[in-house]
Amino acid sequence: MTIISPSLLASDFANLQRDVEMINNSAADWFHVDVMDGSFVPNLSFGLPSVKAVAKHATKPLDVHLMIVNPDKYITAFAEAGAAYLTVHYEACPHLHRTIQAIKAEDMKAGVALNPHTPVSVLEEVINDLDLVLIMSVNPGFGGQKFIEAAIEKTRKLRALITEKGAKTLIEIDGGVNTETGRRLVEAGADALVAGSFVFNSPDPSATIAELKQL
């Protein structure tokens, strides 16, 4: 069954606890929490205090996606805040192997995100060290963007790399996910789907999560 990680970026920040409880009671598997610094991406979002607040009420693992420069400085802080999965951007990490090891040293699962222009081949040397690869199917920074079609073929290439290397890495996709794109991504080899606007803008978010879970 597909892992579903609803993105809190699309939740109602004024009613965050209500939306966290909705996800707790839904078929979702993880909470996707986007952290943006206004530098690596042109937007600001959740920071450490918000992650701690979500962790206080969440009954499912926090899947934290750092869209920030110099993520190494904050690895321990996010572990203490309650992150179960910590995903950093390939494009932000000059010493990626060291960063992955630092995440694992804090007893978190290590993920690496790839921007739309970054090929999966850059992960050949570290794929066996990764618990998760997050393919961005929109340009990072804002919710509600149009799905980038090239993400389907990119997912297939990543699945082939994981198979070839005998890795156990999960493939997660973030951006423009709905039932139609989600189905095609799962067919291409995706294990986990991040859905924000599609879930929170629907009349019944819990039912929408259940629908995605069946893909």
- Task: Look at segment 162-186 and say how many of its residues are of a type in the set (A, V, I, L, M) and on the phi > 0 side of the Ramachandran plot.
- Result: 0
- Message: With the structure loaded, tell me whether Gly111 is within 20 Å of Pro140 (Cα to Cα) and crowded, with 17+ Cβ neighbours inside 10 Å or whether it fails that test.
- Response: yes
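Please work out if Leu130 is surrounded by 22 or more Cβ atoms within 10 Å (Cβ to Cβ), within 18 Å of the chain's Cα centre (by Cα), over 30 Å from Glu80 (Cβ atoms) and touching a residue at least 12 places away in the same chain (Cβ under 8 Å).
no
Could you list all residues from segment 71-95 that are out of contact with any Phe, Trp or Tyr (no Cβ under 6 Å at 6 or more places or on another chain), outside any strand (DSSP E or B) and of a type in the set (Gly, Ala, Ser)?
So in segment 71-95, the residues out of contact with any Phe, Trp or Tyr (no Cβ under 6 Å at 6 or more places or on another chain) come out as 71-85, 87-91, 93-95.
Subset that is outside any strand (DSSP E or B): 71-82, 90-91, 93-95.
Of everything in segment 71-95, those that are out of contact with any Phe, Trp or Tyr (no Cβ under 6 Å at 6 or more places or on another chain), outside any strand (DSSP E or B) and of a type in the set (Gly, Ala, Ser) turn out to be Ala77, Ala79, Ala81, Gly82.
Hey, could you check segment 193-208 for residues that are among the aliphatic types (A, V, I, L, M) and buried (at least 23 other Cβ atoms within 10 Å of the Cβ) and say which is farthest from Leu134 (Cα to Cα)? Can you show your working first?
If we filter segment 193-208 for residues that are among the aliphatic types (A, V, I, L, M), which is where we start, we get 193-195, 199, 207.
If we keep only those that are buried (at least 23 other Cβ atoms within 10 Å of the Cβ) too, we end up with 193-195, 199.
Numbers: Leu193: 9, Val194: 9, Ala195: 13, Val199: 19 Å.
Checked segment 193-208; the qualifying residue farthest from Leu134 (Cα to Cα) is Val199.
Rundown of residues vs (1) more than 27 Å from Ile127 (Cβ to Cβ); (2) in contact with a Cys (Cβ under 6 Å, 6 or more places away or on another chain); (3) modelled with pLDDT under 95, yes/no style:
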residue	(1), (2), (3)
Val20	yes, no, no
Val41	no, no, yes
Asn70	no, no, no
Phe78	no, no, no
Glu91	no, no, no
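Output the residues belonging to segment 96-154 that are hydrophobic (A, V, I, L, M, F, W, C) and assigned to a helix (DSSP H, G or I).
Of segment 96-154, the ones hydrophobic (A, V, I, L, M, F, W, C) are 96, 100, 102-103, 105, 108, 110, 112-114, 120, 122-123, 126-127, 130, 132-136, 138, 142, 147-148, 150-152.
Result: Leu96, Ile100, Ala102, Ile103, Ala105, Val120, Val122, Leu123, Ile127, Ala150, Ala151, Ile152.
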- Exactly one condition in (1) in contact with a helix residue (DSSP H, G or I) (Cβ under 9 Å, 6 or more places away or on another chain); (2) under 29 Å from Leu16 (Cβ atoms); (3) of a type in the set (A, V, I, L, M); (4) not in a helix (DSSP H, G or I) is not met by Ala167; state its number. (2)
- Quick check: is even one residue across segment 126-140 closer than 22 Å to Pro42 by Cβ, modelled with pLDDT under 95, touching a helix residue (DSSP H, G or I) at 6+ places or on another chain (Cβ under 9 Å) and small (Gly, Ala, Ser)? no
- If you go through Thr118, Thr76, Thr99, Thr87, the only one that is within 20 Å of Gly38 (Cβ to Cβ) and β-branched (Val, Ile, Thr) is Thr87
- Looking at Glu180, Glu172, which is the one that is at pLDDT 95 or above and surrounded by fewer than 21 Cβ atoms within 10 Å (Cβ to Cβ)? Glu180
- Task: List every residue pair whose Cβ atoms lie under 7 Å apart, where the two residues are 6 or more positions apart in sequence or sit on different chains, the first residue falls within segment 199-215 and is closer than 13 Å to Met22 by Cβ, and the second residue, located anywhere, is part of a helix (DSSP H, G or I) and not hydrophobic (A, V, I, L, M, F, W, C).
- Result: Val199/Pro205; Val199/Thr208; Ser202/Thr208
- Do you know which of the residues in segment 133-149 that are under 17 Å from Ala192 (Cα atoms) and within 14 Å of the chain's Cα centre (by Cα) is surrounded by the fewest Cβ atoms within 10 Å (Cβ to Cβ)? Val138
- Out of Thr87, Thr155, Thr118, Thr99, report the one residue that is modelled with pLDDT of 95 or more, touching a Cys at 6+ places or on another chain (Cβ under 7 Å) and either under 27 Å from Lys60 (Cα atoms) or surrounded by fewer than 20 Cβ atoms within 10 Å (Cβ to Cβ) (or both). Thr99
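The values are calculated or read from the model by the stated rules, or taken from the named source; none is laboratory data. Source: prediction; values computed, not measured. Virtual Cβ from ideal backbone geometry, glycine too; neighbours counted across all protein chains shown.
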